[in-house]
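What follows is one structure encoded as structure tokens, with my remarks underneath.
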Amino acid sequence: MHTDWTRRQVLAGLGALAAAPAWAQSADPTGGDPLGSMQWPVLQKKHIGAAPWQFSDGIAVKGPEFAEDAMNVPIFVDARALARSAGPIALIRLVADRNPIQHILDFEPLACWPVLAFRFRMEQGSPVRALVRTRDGRWYVGQTWVNAAGGGCTVPGLTRADGSWSRTLGQVQGRVFRNVIEGGTRLRLRVMHPMDTGLVAGIPAFHLEQLVLRDARDQTLWRLNLHEPVSENPLLTLELGDTVHGPWQLTGRDNNGNRIDAQVSA
Amino acid sequence: MTARPMRWAGVWLLLGWSATVWAVDAARLDYQLQARQIAPGTWVIEGAVDDFSRANGCNIINTGFVSTAAGTLVLNTGPSRLYGAQQRAALSRVVEQPVRRVVNLNLHPDYFLGNQAWGDVPTAALPGSRVGMQAEGKAYEDNLYRLCGDWMRGTEFRPAREDVQPMRFDWGGHALEWVRLQGHTSDDLVLIDHTTGVLFAGGLVFADRVPTLPHAHLPQWLASLHEIRQWILQGRVKTVVPSHGPVHTGTHGVDQTLDWLQWLHERLQTSAAQGLDISEVLRLPIPERFVRWAALRPEYVRNVTTLYPRYEIEQFPLQTAPAVTGQ
């Protein structure tokens, strides 16, 4: 636990012994963050608190080096390696340190693989992190850095700008693909919603809050709690696993009480 | 139309292959622009075969001019006010005929952000390009200031003020023709000089560099390239001046651009049919034959980011479930 942090503290201590300047004796202001972000200690305190945690290579967080489209920054998270080494995963929380709304979404892979691809809006270049909690209550953190010219959170989406969102609100499209990842069953879903961040003048926050997928035996496969930064008309990619029982039922709601209820078949 | 021997262009082209692009002087914000004659009355000012960067002053475009007794016709004005001013100076070092008209071949920033330096001369473009310049100019400015820094100092976008109509006309003994094609943008202007066989191909042809596609429509673009290819095979066009990449003879640039666009289309279609997410497509390997092209990684990422969402959405069945509103 705190492996990297501890090593940095030791290094700082050694520096002090070698008559280092005064600043080297203070704690690392990034809390040992490999990406050197000053926001990390605050995020860690807010989301993880006093629970045990560590940075982990078992979580792959992949984003573009540069976000060509700040309204749709693609992120791919894969925590299967962590699940193999540290046990079943209860929660994958996505945050972006430098976004005005840092918390992007919570993903609970209840009975599916801990793999998720989605797109979100970035206001400026930032670390993007997956804070992953295993069922035994420990946290593991994976991250990547995405550069961006920015402005994604404070610009209205396309369907909001042209007014077409109201005709498609809540529509669901889905399709299943086999063996994209060896042995897996991939579900790609698009839910039509403007996902207004509330940061554009005159347009209050209006976004999907929750999506839940159940299989034909009424088992809940995953739950997603979505926050404002998730892109307009979210396109979500999930891995349902190797033994699947479709068709599936997608239910959910937005923050105005509109319900989502759609069947998805293979 | 005066029939000049076509060999002339060939000689200049051979010299051109060995010509290097002059390095910019960043400390003095000097693009070191040098006009190079490629045919009678025809010059180009070549940009770096690269992506926008401060190191090259964001000068990655080929501009040109045709100068005859009728005056000088300027094609494209570069990425900044500074470029436009230095282009003017470079031009005046080699030709004396006054500039009668400045034409921007499409709406992209390095085709017209130098217009500011040509305020006293008519500036023109296709009507659709002019509308696009007005709509996108501010965003272009912001983006290039971010990418190029001081090189953009004092640059404010000035859309072309007049329309260009597709037509054939005489320019001091050169039989010139404006042709409107489509696909790289919705209005791609090209200039054919039937006298010298030089084609200013605008954004439709790239050479040794990955094409940019922010406004691309692939089927139209492919059709336009096949048309240009016919002009070359018929001998109407000998020398191609792409907007990005070296000036060359024959179908080299057209074939490269066709190859990239067809390969990209197949990759995106196959990937979408397999269910890949855009994050995965961005990480697929790129075939060996493209590896030496300039701007490969950044343009591949841009190409995929722009185009892939359309291919993804096509994979979804049309059936949709409407929302049940239950407040």
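Coordinate-derived values only; no laboratory data. The structure presented is a predicted model; accordingly, all values stated were derived computationally and were not measured. Cβ atoms come from the backbone with ideal geometry, glycine included; neighbour counts cover every protein chain shown.
What the Cβ-Cβ distance of B:Arg292 and A:Gln219 gives, at R0 = 45 Å and to the nearest 0.05, is a FRET efficiency of 0.30. Between region A:30-53 and region A:79-109, the alpha-carbon centres lie 14 Å apart. With R₀ fixed at 45 Å, the C-beta to C-beta distance from B:Val131 to B:Gln230 puts the FRET efficiency at about 0.90. Taking region A:206-248 and a reference point 7 angstrom along Cα→Cβ of B:Arg146, the backbone N atoms nearer than 19 Å belong to A:229-232. Loop-located GluC sites (Glu not before Pro) across region A:169-233 with a Cβ neighbour count of 14 or fewer within 10 Å are A:Glu182, with loop assigned by DSSP.
Between the amide H of A:His245 and those of A:Ala216, distances stay under 5 Å, these residues lying 5 or more places away or on another chain, with hydrogens modeled in the peptide plane.
The string of couplings for region B:233-248 from the Karplus curve (6.51, -1.76, 1.60, θ = phi - 60°) is 5, 7, x, 6, 10, 10, 10, 10, 9, x, 6, 10, x, x, 5, 8 Hz, one whole number per residue in order, with x for Gly and Pro. The mean number of Cβ atoms from other chains found within 10 Å of a Cβ in peptide A:188-194 is 3, as a whole number.
The loop-placed trypsin sites (Lys or Arg not before Pro) in region B:53-129, going by DSSP, that have at most 14 neighbouring Cβ atoms within 10 Å of their Cβ come out as B:Arg54. Among the trypsin sites (Lys or Arg not before Pro) found in region A:177-263, those both in a DSSP coil and sparsely packed, with 12 or fewer other Cβ atoms within 10 Å of their Cβ, are A:Arg217.
Averaged over the residues of A:248-259, the number of partner chain Cβ atoms lying within 10 Å of the residue Cβ comes to 2. Listing A:Arg119, B:Arg229 from fewest to most neighbouring C-beta atoms within 10 Å gives B:Arg229, A:Arg119. Which residues among region B:254-277 fall inside the zone where the amide N is under 19 Å from a point 7 Å beyond the Cα of B:His217, along Cα→Cβ? Of the residues in region B:254-277, B:258, B:261-262, B:265 have backbone N under 19 Å from the label point off B:His217.
Model label sites at A:Glu209 and B:Val94, defined 7 Å from Cα along the beta-carbon direction, differ in position by 6.7 nm. Put simply, the amide H of B:Phe206, placed in the peptide plane, has neighbours under 5 Å in B:Thr257, leaving out anything fewer than 5 places away on its chain. The aspartates and glutamates within cross-link reach of B:Lys238, meaning a Cα-to-Cα straight distance under 13 Å and a gap of 8 or more places when in the same chain, are B:Asp193. In this calculation the C-beta distance from B:Ala23 to B:Arg54 is compared with R0 = 22 Å, giving a FRET efficiency of 0.95. Summing +1 for each Lys or Arg and -1 for each Asp or Glu among the other residues whose beta-carbon sits under 13 angstrom from that of A:Leu105 gives +1. All Cα-Cα distances of the protein assembly as shown, cut into 10 Å bins from zero to the largest, leave 3, 15, 23, 21, 16, 13, 7, 2, 0 percent in each bin in turn.
Per-residue Karplus couplings for region B:165-172, computed as 6.51 cos²θ - 1.76 cosθ + 1.60 with θ equal to phi - 60°, are listed in order as 9, x, 5, 9, 7, 9, 10, x Hz, Gly and Pro entered as x.
I want the local charge near B:Pro127. Using Cβ-Cβ distances under 11 Å, sum +1 for each Lys or Arg and -1 for each Asp or Glu among the other residues. Result for the neighbourhood of B:Pro127: -1. Largest GNM mean-square fluctuation among A:Ala201, A:Ala67, A:Ala117, using chain A with Cα springs under 10 Å: A:Ala201. For B:Ile60, the shell of other residues with beta-carbons less than 13 Å away shows a net charge of -4, using +1 for Lys and Arg and -1 for Asp and Glu. Cβ crowding within 10 Å, taken as a proxy for footprinting-reagent exposure, orders A:Leu213, B:Leu307 from fewest neighbours to most as B:Leu307, A:Leu213. Here the spin labels are modelled as points 7 Å beyond Cα on the Cα-Cβ line, and at A:Ala266 and B:His265 they lie 3.4 nm apart. Residue by residue, region B:256-271 carries 3J(HN,Hα) couplings of 4, 5, 4, 4, 4, 5, 5, 4, 4, 4, 5, 4, 5, 5, 5, 4 Hz when phi is fed to the Karplus relation 6.51 cos²θ - 1.76 cosθ + 1.60 (θ = phi - 60°); x denotes Gly or Pro. All Cα-Cα distances of region B:162-251, cut into 10 Å bins from zero to the largest, leave 18, 50, 29, 3 percent in each bin in turn.
Put the Cα centre of region A:203-234 next to the Cα centre of region B:62-132 and the gap is 52 Å.
Amide H contacts under 5 Å for A:Ala149: A:Ala67, restricted to partners 5 or more places along the chain or on a different chain, H placed in the peptide plane at 1.01 Å from N.
Per-residue mean of foreign Cβ neighbours for B:293-306 is 2 (Cβ atoms of other chains, 10 Å radius). Ranked by the mean number of other Cβ atoms within 10 Å of their residues, highest first, the peptides B:114-122, B:192-200 fall in the order B:192-200, B:114-122. Each label was represented as a point 7 Å from its Cα along the Cα-to-Cβ direction; for A:Ala201 and B:Ile313 these points are 2.9 nm apart.
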